[in-house]
Every structure is written in structure tokens, then in C-alpha cells.
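**Student:** Input: one structure, supplied below.
The values are calculated or read from the model by the stated rules, or taken from the named source; none is laboratory data. Keep in mind it's a predicted model, so treat the numbers as computed, not measured. Here the Cβ positions follow ideal geometry from the backbone for every residue, glycine too, while neighbour counts run over all protein chains shown. The accessibility values were calculated without ligands, DNA or RNA, using every heavy atom of the protein model including side chains. Shrake-Rupley method; radii C 1.70, N 1.55, O 1.52, S 1.80 Å.
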Amino acid sequence: MKVATSIDFASFMRRLEQKNPGQPEYIQAVYEVLTDVIPWIQEHPAYARDSLLERICEPDRIIIFKVTWDDDHGNVHVNRGFRVQGNNAIGPYKGGLRFHPSVNESILKFLAFEQTFKNSLTGMPLGSGKGGSDFDPKGKSESEIKRFCQAFITALLPFIGKDKDVPAGDIGVGSREISYMFGQMKRIATIAPGTLTGKGISFGGSNVRLEATGYGAVYFLKHILKHQRDTVEGKQVLISGSGNVALYAAEKLLTLGAKIISLSDSKGFLHIPSGLTQSLLSDIMTLRFNKHQPLAHILQQYPDLSFHPGKTPWHMPADIALPCATENEIDVEDANALHSGGVKVVVEGANMPVTPGAINVFRKHGVIYAPGKAANAGGVAVSGLEMSQNAMGYFWSHVEVDEKLQSIMKNIHDQCLRYSGHSAGEVVNYARGANIVGFKKIADVMLAFGV
Ligand code: NDP
């Protein structure tokens, strides 16, 4: 019998594209990982065997279900719900739920695939998954959101469990939606608190989970800069998004003395020339998290600021960029603008916000690029801590969880650095480090398990 000792990148991708037509986001995510992993496998042929790559790329299963709910006027609506269970080699499937009209199989497969490497990087026993629905929460009343959440989780409940698959939030799914879903689960079944993460503190949630993704991305940034013998203090930062990740990243950056000059939403971006202040941030949090209103409405309280409809902030001069909204929000043109504007470091708070062409622009110009699977892993890491606390029936303080988060982010940074293969004076290729570390751990476990 002949055991494979090498993998041909081009034919692997061709087969993948043929098998997954019309799934560009999923193909993009796999391509980005394999760009680093296949050359590494050529140097470590033990990992070319047993179709390891095919098995990691192909999700374990995809559950597609109907979600039926009625609006405030008695009209019945049908949405599509999904759960992609990616890989459970190192632990139960784990990953968020996204409610957004763009949700489809390709987007959730890309997110679950990224989650495989991200969760592996945290060093915690967490497999990978992602789910959601094409439901659009915008313009829906509070009771419509509640009924949708209840219908969605009722349909998903048979497929999840604390040792099986543990969902959390993502775009369009925040504390409010998690509370509705957890309440419904408790109403209709006996469930362990660790079946869902991102819960409220008073019913089994963890301190710092709300803030973890944004804070974690900033901790990762701190370590990048420390490696450059630099700090965040005084740096001008562009942030996109004004949701969970963006606003908690902004909060942490403020405490570290950075000057944040933009935030955004799907309608455009807010320019804050003199820098975000604590009181402006609090008002934006109230607007976005409590009132669920568009970012531009902040001009009613702060008429001196400017909102630029249909525009992104990437053409403004700055030192650092933190894309925290959604996938593919920085293209080649934006990357060139960021470089021309003086940006030296780009840290992904969102998942895959930088296109492959834009990553190449950053590489060409020596801009440090940190991929989301490493930089935004703080959210899932604290979800892992929430599961541990639920299992122990114990509750760590804010300080304890924050210290654990900081040490996890340092560890992720250091592993990425070690496996990036960089030599002194070279720009660190954090993506290569993240892809190789993430792959190696899963691959070792799968090899140990056998087929
Ligand atoms: P939220 O729903 O809280 O916020 C999303 C933000 O992005 C909003 O400002 C939204 O604007 C904007 N946005 C969404 N879609 C688009 C779009 N197509 N174009 C422009 N702006 C858009 O989500 P999160 O902050 O939780 O998630 C943001 C990113 O971070 C996602 O990529 C997510 O996968 C990733 N992530 C989140 C984690 C978490 O713990 N929440 C963990 C790890 C990664 P608007 O309100 O106008 O739609």
C-alpha cells in the first residue's frame, strides 16, 4: 500500500471547488489556511497521510432546519436555520450563532472552518461549529425577536448539549437573544447551564464574556507592539463596526491611551476627529446595545461629529486598523489606502474581514497583519471558561477571568510568533503561525484517534 507523502495544492483546491460550488467564502477561508499549511506539510510528510486535510476541511455534519414564527400582525414567516458541526476532535462543537439576512451555508462553513483553528489555538478542549439563520433582526419588534429566538432554539435543541455542541452569540445575537434562547431551552427541557455561552451573569454567565472578544483583540495587539518595543499609547486607531467586538475593543483601547478616530455600521462610518471619549462611548453603547438604533443617530446628541453614509473609514490616516464588523470589509484598494495613510498594524477583530488580495498588499508593504482566528479568539476562550465554571458550579471574579484571558491571548500570540518561521528583522507572519499551530494540534489528535 502506498501512503501519501505530499499534497498538490492546486488539485486539492480544484477538487474542493468542484465539490462545493457557489461557496466562495468557504473556499476563500480554506485557501488562506492551506497557503501556509500545505508547504508546512511538505516539510512534515507524516501529516500528508490519512486524508487529514480533506477530513479537517469537510464539516462533520450540517443541520438545516425550518424556523417558523409569527409577526406582531399574525403573519407567519419561514426562515432557514443552520448548524454546521465542524470538528469535534478536541472537544464539543463550539461556535456562535449569527442572525443576518446574508447567512447561508457558505458563510457558516467558512466560519466553522476558521473556528476549528481558532479553538485549537486557545489550548482549550473546544471543537468547532457555527450556526445561525437568514433572519433579519433589523426593523423587528422586541416581541418578534423573542418569538424568532424561541422558534429557532426549539428547532436546534435536539442537536446541542454541553458535551455535544455549545452555541454562543455572533452578529445579530447578543445578550438579549441569548437570554431569550436560554429561557426557552429551560422552559421545554432539562438542560445543563453549559449548553449555551454568553449567558447573563445572573443565570450562569461568566464575567468578561461580553467584553472578551474586543478586549482579547486589544491584548493581542499589545503583544504585537511589545514585540516591536512599542505600545498602544498615543496611537491613532481606525475601528469598523459598532457592535459587541468593536465597542469593547474601543473600551479597552481607551483605557490604554489610544486615540480612536472612527467607528462604523452597515450604513457608513462615524468620524471622531478629536478621538473617542469615555462619555461618547457610553452613549454609543446605550444607543447600540439598549436602543438597537443605527450609529448615525448619535449625531442627535453629538451634532459636531460627522457620519459618512456608504463609506468605510480606511482612507483616513492612522497608525493601527481594527476591522471589527464583518467578512471581506477591507479589499485591495482599502489596503493600499491604509498603507498610504500610515497604518503599520492591522488586527482582525471580525472573522476574515481582510480579503486575500488585501493581505498580499499588507505583506508587500511590511504592514503587520494579525488574523481573526488568533486575534479574536478571546471570545471563545472566555466561553470555554464559562463552560468550566458551569461544570464546577463556581464563579470567577472579573479580575480572575480577565487575568486568564490576558494569559490565553499572550499564549496565542507567542505560539503564532514561534510557528511563523520569522527571522530577526523580518515582519512576523502571524497568519502562518496561527494556521500551522491550529492545524498541527487537530491533526495530532486525529492521527492518534485513527480512522
Ligand atoms: P454585532 O452584531 O454586535 O455587530 C456587528 C457590527 O458590524 C455592527 O456594527 C454591524 O452594523 C456591522 N456589520 C454587520 N454586517 C455588516 C456589513 N455587511 N457591512 C458593514 N457592517 C456590517 O456582531 P459582533 O460584534 O459580535 O461581530 C462582529 C464580527 O466579529 C463578526 O465577524 C463576528 O463573526 C466576529 N466575532 C464575534 C465574536 C463575538 O464574541 N461576538 C467572537 C469572534 C468573532 P449594523 O448594525 O448596521 O448591521
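**Student:** Tell me the relative contact order for region 59-192 as a rounded percent, counting alpha carbon contacts under 8 Å between residues six or more apart.
**Tutor:** In percent, rounded to a whole number, it is 29.
**Student:** Take every DSSP beta bridge whose two residues both sit in the chain, then give the antiparallel share in percent to the nearest 5.
**Tutor:** 55 percent
**Student:** Quantify, in whole percent, the carbon and sulfur part of the accessible surface of the chain (1.4 Å probe; protein heavy atoms only). Intermediate results must be reported in sequence, preceding the final value.
**Tutor:** On the way: 9530 of 18250 Å².
Roughly 52 percent of what the probe reaches on the chain is carbon or sulfur.
**Student:** Take the Cβ-Cβ distance between ALA192 and LYS138 as r, set R0 to 45 Å, and report the resulting FRET efficiency rounded to the nearest 0.05. Show your work: numbers first, answer last.
**Tutor:** Values: r = 33 Å, r/R0 = 0.73.
Calculated value: 0.85.
**Student:** Let me ask you something else. With a 1.4 Å probe and all protein chains left in place, how much accessible area per residue does the chain have, in Å²?
**Tutor:** Numbers: 18250 Å² over 451 residues.
Using a 1.4 Å probe on heavy atoms only, each residue of the chain averages 40 Å².
**Student:** If you average the alpha carbon positions of region 295-343 and of region 184-224, how far apart do those two centres end up, in angstrom?
**Tutor:** Rounded to whole Å, the Cα centres lie 28 Å apart.
**Student:** Between the DSSP loop rule and a limit of at most 13 other Cβ atoms within 10 Å, which GluC sites (Glu not before Pro) in region 195-266 are left? Kindly include the intermediate steps, with their values, before the conclusion.
**Tutor:** Working: sites: GLU211, GLU233, GLU251; in loops: GLU233.
In loop regions of region 195-266 (DSSP not H, G, I, E or B), the sparsely surrounded GluC sites (Glu not before Pro) are GLU233.
**Student:** Additional query: Counting each DSSP H run of 4 or more residues in the chain as -39500 (n - 2.57), what helix-only mean residue ellipticity at 222 nm follows after dividing by all residues, to the nearest 500 deg cm²/dmol? Mind dumping the intermediate values first?
**Tutor:** Details: 15 runs with 201 residues, N = 451.
Rounded to the nearest 500, it is -14000 deg cm²/dmol.
**Student:** Right, here's the next one. Return the FRET efficiency for the residue pair MET13, SER102: r is the Cβ-Cβ distance, R0 is 22 Å, and the value is rounded to the nearest 0.05. Display every interim value, and only then the final one.
**Tutor:** Values: r = 24 Å, r/R0 = 1.09.
Plugging the Cβ-Cβ distance into 1/(1 + (r/R0)^6) gives 0.40.
**Student:** Let me ask another. Any idea how far apart GLU426 and THR35 come out in nm if each label point goes 7 Å out from Cα toward Cβ?
**Tutor:** Placing both labels 7 Å along Cα→Cβ, they lie 1.6 nm apart.
**Student:** Would you mind computing, in nm to one decimal, how far apart the modelled labels at ILE64 and HIS297 are, each placed 7 Å from Cα along Cα→Cβ?
**Tutor:** Those two pseudo-labels are separated by 3.6 nm.
**Student:** Given the alpha-carbon gyration tensor of region 96-144, what are the semi-axes of its equivalent ellipsoid in whole angstrom, ordered largest first, with each equal to the square root of 5 times an eigenvalue?
**Tutor:** So the equivalent ellipsoid measures 27, 12, 6 Å along its semi-axes.
**Student:** Given a Förster radius of 45 Å and the C-beta distance between GLN42 and TYR394 as r, what FRET efficiency does 1/(1 + (r/R0)^6) yield to the nearest 0.05?
**Tutor:** Working: r = 46 Å, r/R0 = 1.02.
Efficiency computed from Cβ-Cβ geometry: 0.45.
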